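The values are calculated or read from the model by the stated rules, or taken from the named source; none is laboratory data. What you are looking at is a predicted structure, and each value in this text was computed from that prediction instead of being measured. Positions of Cβ are generated from backbone atoms using ideal geometry, with glycine treated the same way; all protein chains shown enter the neighbour counts. Ligands, DNA and RNA are excluded from the accessible area calculation, which covers all protein heavy atoms including side chains. Shrake-Rupley method; radii C 1.70, N 1.55, O 1.52, S 1.80 Å.
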Amino acid sequence: MKTLMTLLTGAALAGTMATAQANEIVVGGKNFTEQQILASMTSQYLDGLGYDVEKRSGMGSAVLRQAQENGQIDLYWEYTGTSLINYNDVTERLSPEDTYTRVKELDAEKGLVWLAPSDANNTYALAMREDDAQERGIATLSDLAQAVNDDEGLTFALNAEFYAREDGWRPLQQAYDFRVGRGDVKRMDSGLVYQALRDAQVDVGLVFATDGRIPAFNFQVLEDDQNYFPAYALTPVVREETLEANPKLEGQMDKLSSLLDDETMSSLNAQVDVEKETIERVAEGFLKEHDLL
């Protein structure tokens with residue numbers, strides 16, 4: 001009888017340990033505001049659902065990706081274009097939908113599962129001051145090209161990298177069939193572009209679509225109506241083994257992903273970068289607002 005009880009107790013303990021192990025999730029994040037918010041948000045959300053969560057944020061992109069492939073990170077938010085170009089060396093220009101499909105297929109071979117993408121796309125974009133864009137009737141990059149070709153005298157601020165790179169400024173002009181004189185383009189650090197545009201030193205600036213300064217400075221992002229810029233849809237990516245051990249995780253993360261878009265991420269980023277709220281408080285506030293915490 002004693003031996004039987006020992007075996008039963010041991011089996012029960014083993015089952016408990018297996019359940020606990022299945023519920024352990026290591027959440028990763030990169031080393032900039034948006035990623036730190038998402039890492040905190042995901043950690044708090046999953047903790048509230050009963051998972052045993054460990055958060056490891058502030059990592060470089062390549063290091064974080066390698067850590068996930070090695071099994072040290074279970075889950076983090078990645079950008080479709082980053083995986084396509086940086087991790088899978090695909091240079092073919094694809095639509096947002098095809099970009100997602102391609103990285104989902106390629107990363108599945110490495111044991112990584114791309115869950116439902118959010119509507120947040122942190123890609124390059126051109127922006128104008130909202131009142132100026134509306135006054136000029138410019139809402140898309142095609143509208144912008146027409147304004148340049150009509151010789152409206154628009155000036156631009158770009159960072160040096162985008163100005164020089166082979167898939168940057170020059171091919172963008174070719175794609176939309178317009179030409180800006182060199183004297184009408186000011187090259188500067190990315191952070192200074194936002195200030196120059198806000199202060200009306202230029203008419204158009206190169207921005208990142210979910211940057212918090214876009215809503216804070218009343219900028220209007222111009223629609224890339226020919227899909228020139230690569231898609232960088234913000235998407236939770238999880239190890240296949242982790243998903244198998246936690247079958248409810250996919251639906252839970254898809255629910256969170258469905259709440260995120262460019263406007264939402266810009267607002268959250270602005271709360272940290274402009275209003276100087278703490279990352280943890282901003283993440284917690286979002287979750288409570290949507291009854292997820």
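Across segment 203-214, a minimum of one residue is classified as among the aliphatic types (A, V, I, L, M), touching an Asp or Glu at 6+ places or on another chain (Cβ under 7 Å) and not assigned by the TED database to the domain that holds ASP262.
Here is the figure for segment 84-110: residues that are of a type outside the set (A, V, I, L, M, F, W, C) and either open to solvent by less than 30 Å² (accessible area, probe 1.4 Å) or outside any helix (DSSP H, G or I) (or both) total 10. Total residues in segment 193-245 satisfying the condition of being of a type in the set (D, E, K, R) and more than 27 Å from LEU46 (Cα to Cα): the figure is 7. Could you tell me whether ALA283 is among the small types (Gly, Ala, Ser), within 20 Å of the chain's Cα centre (by Cα) and outside the structural domain of ARG213 (by the TED database)? Here the answer is yes, as ALA283 does meet what is asked.
Looking at ASP262, is it at pLDDT below 95 and assigned by the TED database to the domain that holds GLY50? Walk me through it before giving the result.
Details: at pLDDT below 95: yes; assigned by the TED database to the domain that holds GLY50: yes.
So ASP262 passes the test.
Note on segment 146-209: enclosed strands (runs of 3 or more DSSP E) holding 1 or more residues that are in contact (Cβ under 8 Å) with a residue 60 or more places away in the chain are 204-208.
Apart from one condition, VAL113 fits all of (1) surrounded by fewer than 15 Cβ atoms within 10 Å (Cβ to Cβ); (2) of a type in the set (A, V, I, L, M); (3) in contact with an Asp or Glu (Cβ under 6 Å, 6 or more places away or on another chain); the exception is (1). The sole residue among LEU206, LEU192, LEU256 that is open to solvent by 70 Å² or more (accessible area, probe 1.4 Å) and aliphatic (A, V, I, L, M) is LEU192.
Out of GLY71, GLY81, which single residue is touching a residue at least 24 places away in the same chain (Cβ under 8 Å), open to solvent by 10 Å² or more (accessible area, probe 1.4 Å) and of a type outside the set (Asp, Glu)?
Working: GLY81 fails: open to solvent by 10 Å² or more (accessible area, probe 1.4 Å).
The match here is GLY71.
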